[in-house]
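Inspection log for the structure reproduced underneath, given as structure tokens.
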Amino acid sequence: MRHIEEHDRQHDKHAHEHGQEPGTPQSQQHTDPTLYRTPAEAVAAPPEKLAYVAGFDRSAQRPDALITVDTDPDSPTYGRVLNLAELPNLGDELHHFGWNACSSALAHADHHLPERRFLLLPGLRSSRLYVMDTQPDPVRPQLAKVIAAEELAAKAGYSRPHTLHCGPDGVFLSCLGGANGADGPGGVALLDHTSFEVLRAWETDRGPQHLAYDVWWHLNHNVAITSEWGTPSMVEDGVNPELLLGRKYGHALHFWELASGRHLQRVDLGDQYQMALELRPAHDPEQEWGFVGVVVSVEDLSASVWLWHREGTGFAVRKVIDIPAEPAKTEDLPPALQPFGAVPPLVTDINLSVDDRWLYVSAWGTGELLQFDVSDPFHPRKTGSVRLGGITGRTPHPGAPGTPLTGGPQMVELSRDGKRVYLTNSLYGSWDDQFYPDGIDPWMIKLDADTSRGGLTVDNRFFPHGDEFQGLRVHQTHLQGGDASSDSYCFR
């Protein structure tokens with residue numbers, strides 16, 4: 001709590017220096033310049049100089065870490081790992097993480113002076129939550145607080161935290177499991193913005209929702225959306241073939257009243273479309289559409305991206321992108337795929353640029369990162385792709401042409417101006433083992449994106465990999481000052 005208490009003291013000192021009393025409405029105070037009122041302001045802001053990456057030890061024999069990487073092209077250490085901030089425990093498996101504050105805070109005049117300062121890191125296996133302070137030294141974040149699994153269970157009724165977003169009433173933490181060993185239902189815990197204490201479960205009426213994964217919203221329309229993966233027992237040991245072929249993984253979206261946590265509507269994509277994961281709503285706060293990625297169809301091993309959109313008083317969905325499986329020799333496939341004779345694309349992440357024009361799709365199985373122009377979200381147009389790694393391709397980085405890559409484009413993060421695309425290659429430890437049984441050698445790759453006509457180019461100067469990560473696999477990336485998946489905007 002030392003860092004958090006110091007944060008409060010600095011806030012009061014700052015308010016006094018600017019002729020304000022502590023507690024002055026946020027709209028009347030100076031705010032963090034990285035909290036942008038509009039998407040256009042975010043696009044025009046200075047570029048990031050640091051990236052933060054979640055790193056985990058598959059063997060659980062050493063601590064996981066928050067990794068800092070230099071993204072300043074004018075720096076002598078560009079593309080290098082600058083620091084590993086190790087956690088104090090073993091076996092967390094860091095996965096997704098996020099900021100304590102983002103642009104959504106600007107909608108609330110009574111919000112305690114928001115500052116994009118703390119990164120909250122959930123342990124997907126341990127159910128612990130770590131709060132890392134990026135000040136005063138952004139390169140070397142320090143541990144400020146640990147929220148025990150017992151607090152999450154006692155106050156919200158959940159376990160296995162997966163995804164978090166800073167929201168209008170607190171930090172929203174999506175969880176896969178229930179409390180005290182219960183496999184489900186999963187749902188969303190609400191945390192205090194400042195103290196990071198677990199407040200309660202967000203849902204007040206969950207309706208038919210049972211499986212959980214991501215949570216996002218259309219802030220100005222009082223609408224939240226959640227997606228579905230599976231309960232802890234369904235995912236923790238890898239893909240369960242019986243569950244997959246039995247069409248038991250998640251395949252629906254749920255729409256909610258954001259302010260109350262009341263379930264409004266369930267929209268089923270069809271049970272052949274297994275694992276509806278990442279949600280990417282339009283950044284334009286006046287719009288009510290967004291994309292969700294689907295990992296696999298049990299009918300043909302294809303992957304897909306779907307569009308949700310307002311239709312009358314509710315929401316409808318339609319498939320707008322289809323990515324087919326690729327034939328492969330049986331002997332080139334891992335045991336889990338040999339019966340099928342093909343490599344599934346396995347869309348495990350998608351990301352939407354802040355200007356809502358470009359959609360990026362990670363096909364972790366085939367090793368392809370695809371770019372689509374979604375100026376018309378109902379009719380995406382493919383404009384570029386890059387091959388890196390892949391189950392059978394092992395396509396090398398062009399800067400190291402003699403070294404086949406393990407894994408494939410998995411988590412994808414975009415700079416606010418959309419010109420830089422960052423990729424990492426690990427999905428989830430047990431799933432890595434199934435699809436890449438020879439192991440995952442960690443890498444992080446940057447692509448340069450043409451934001452006028454489309455197209456992607458690999459940056460040969462940026463390639464932290466292997467021993468630079470000190471044996472840790474790398475998952476999600478967030479950028480200093482925000483990125484395409486950190487913020488929801490209140491104004492046009």
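The values are calculated or read from the model by the stated rules, or taken from the named source; none is laboratory data. Quantities reported herein were computed from a predicted structural model and do not represent experimental measurements. Don't worry about glycine lacking a Cβ; one is built from the backbone with ideal geometry, like all the others, and counts go over all protein chains shown.
For the range 338-362: of the residues being polar (S, T, N, Q) and not in a strand (DSSP E or B), which is surrounded by the fewest Cβ atoms within 10 Å (Cβ to Cβ)?
Looking only at the range 338-362, we keep the residues that are polar (S, T, N, Q), and these are 338, 348, 351, 353, 362.
Cutting the leftovers down to not in a strand (DSSP E or B) gives us 338, 353.
Values: Gln338: 13, Ser353: 25.
Here the answer is Gln338.
Does Glu278 count as surrounded by fewer than 17 Cβ atoms within 10 Å (Cβ to Cβ) and at pLDDT 95 or above?
Values: surrounded by fewer than 17 Cβ atoms within 10 Å (Cβ to Cβ): no; at pLDDT 95 or above: yes.
The answer is no for Glu278.
Of the residues in the range 166-184, how many are assigned to a loop (DSSP other than H, G, I, E, B), touching a residue at least 40 places away in the same chain (Cβ under 8 Å) and farther than 13 Å from Leu258 by Cα? Reasoning before the result, please.
Filtering the range 166-184 down to residues assigned to a loop (DSSP other than H, G, I, E, B) leaves 167-170, 179-184.
Pick out the ones that are also touching a residue at least 40 places away in the same chain (Cβ under 8 Å) and you get 167-169, 183-184.
Filter again for farther than 13 Å from Leu258 by Cα, leaving 183-184.
Counting residues in the range 166-184 that are assigned to a loop (DSSP other than H, G, I, E, B), touching a residue at least 40 places away in the same chain (Cβ under 8 Å) and farther than 13 Å from Leu258 by Cα gives 2.
Can you name the number of the only condition in (1) in contact (Cβ under 8 Å) with a residue 24 or more places away in the chain; (2) out of contact with any Cys (no Cβ under 6 Å at 6 or more places or on another chain) that Arg160 fails?
Condition (2) is where Arg160 drops out.
Checking Leu121 against (1) outside any loop (DSSP other than H, G, I, E, B); (2) under 17 Å from the mean Cα position of the chain (by Cα); (3) surrounded by fewer than 23 Cβ atoms within 10 Å (Cβ to Cβ), only one condition comes out false. Which one?
(3)
For the range 88-105, what are the residues that are of a type outside the set (Asp, Glu) and part of a loop (DSSP other than H, G, I, E, B)? Give the derivation first.
Step one: filter the range 88-105 for residues of a type outside the set (Asp, Glu), giving 88-91, 94-105.
Within the range 88-105, Pro88, Asn89, Leu90, Gly91, His95, His96, Phe97, Asn100, Ala101, Cys102 meet the criteria.
Can you report the number of residues in the range 274-305 which are free of Cβ contacts under 8 Å to residues at least 40 places away in the same chain, of a type outside the set (Ser, Thr, Tyr) and assigned to a strand (DSSP E or B)? Give the steps one after another, and end with the answer.
Filtering the range 274-305 down to residues free of Cβ contacts under 8 Å to residues at least 40 places away in the same chain leaves 274, 297, 299-300.
Next cut, of a type outside the set (Ser, Thr, Tyr) only: 274, 299-300.
Imposing the further condition that a residue be assigned to a strand (DSSP E or B) reduces the set to 274.
Qualifying residue count for the region: 1.
May I ask you to list the residues in the range 465-492 that are surrounded by 19 or more Cβ atoms within 10 Å (Cβ to Cβ) and of a type in the set (D, E, K, R)?
Once the filter is applied, which keeps residues that are surrounded by 19 or more Cβ atoms within 10 Å (Cβ to Cβ) and of a type in the set (D, E, K, R), the range 465-492 yields Arg473, Asp483, Asp487.
Which of (1) assigned by TED's automatic domain parsing to the domain that holds Val69; (2) of a type in the set (Ser, Thr, Tyr); (3) out of contact with any strand residue (DSSP E or B) (no Cβ under 9 Å at 6 or more places or on another chain) is the odd one out, the single condition Tyr436 does not satisfy?
The one condition Tyr436 does not meet is (3).
In the range 145-173, what count of residues is obtained for those that are buried (at least 18 other Cβ atoms within 10 Å of the Cβ), hydrophobic (A, V, I, L, M, F, W, C) and over 22 Å from the mean Cα position of the chain (by Cα)?
Residues flagged as buried (at least 18 other Cβ atoms within 10 Å of the Cβ), hydrophobic (A, V, I, L, M, F, W, C) and over 22 Å from the mean Cα position of the chain (by Cα) within the range 145-173 amount to 1.
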